[in-house]
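I have placed the structure first, in the form of structure tokens, so that the comments after it can refer back to it.
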Amino acid sequence: MSARKWMAALALACSGPTMAQGNLGELLDMGAKQIQKDELVSLLSGLTMSGESFTNQGGTIRFGYKADGTVSGGLRTADGREFPSTGTWKVDDSGKFCREMIRANGARWGDCRYFFKLSDAYYAAETNDRGTKIEKRVFEKK
């Protein structure tokens with residue numbers, strides 16, 4: 001992905017309601033609702049999701065999801081290094097989204113998130129506990 005497209009995606013991720021970082025309790029108190037399984041599967045199928053990295057300060061993520069349960073994309077660090085990955089995704093009955101990924105160097109990793117919607121904005125949280133940190137996510141249809 002070109003630097004220009006990456007920066008545009010990051011700008012979109014940081015726009016909208018000013019809840020880019022905070023905790024889930026604050027988001028729920030503002031009226032956010034958890035996205036349930038069927039809606040989340042439908043939403044993710046055939047879209048690209050981008051936003052700030054949970055684990056790499058200053059980094060951004062961008063992943064494309066397909067209806068067949070595959071995903072590809074990666075992390076771009078604050079200093080411009082890129083770490084592409086491919087893998088699979090699923091959503092369980094509680095609405096928890098999980099990925100099993102492999103980096104280009106063969107390293108395996110995975111993560112799980114819950115997704116929430118407030119107005120037209122989307123947020124991810126590692127757990128559904130009120131004190132959990134949230135990050136804004138931008139969903140773009142391909």
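The values are calculated or read from the model by the stated rules, or taken from the named source; none is laboratory data. Keep in mind that this is a model prediction, so the values were computed, not measured. Because the Cβ atoms are built from the backbone with ideal geometry, glycine has one as well, and the counts that use them run over all protein chains shown.
Things worth noting here:
- Taking the criterion of being within 19 Å of PHE54 (Cβ to Cβ) and either over 16 Å from the mean Cα position of the chain (by Cα) or among the acidic types (Asp, Glu) (or both), the only residue of the stretch 85-101 that qualifies is GLU100.
- Count of the stretch 76-127 residues which are assigned to a loop (DSSP other than H, G, I, E, B) and surrounded by 13 or more Cβ atoms within 10 Å (Cβ to Cβ): 5
- Only one of the numbered conditions (1) at pLDDT below 95; (2) among the small types (Gly, Ala, Ser); (3) under 19 Å from GLU140 (Cα atoms) is not met by ALA104, and that is (3).
- Residue within the stretch 8-26 that is modelled with pLDDT of 95 or more and either buried (at least 17 other Cβ atoms within 10 Å of the Cβ) or under 15 Å from the mean Cα position of the chain (by Cα) (or both) present: yes
- Condition met for GLY95 (in contact with a helix residue (DSSP H, G or I) (Cβ under 6 Å, 6 or more places away or on another chain) and closer than 24 Å to LYS133 by Cα): yes
- Looking only at the stretch 46-75, and only at residues there that are of a type in the set (S, T, N, Q) and touching a Gly at 6+ places or on another chain (Cβ under 9 Å), the one that is surrounded by the most Cβ atoms within 10 Å (Cβ to Cβ): SER50
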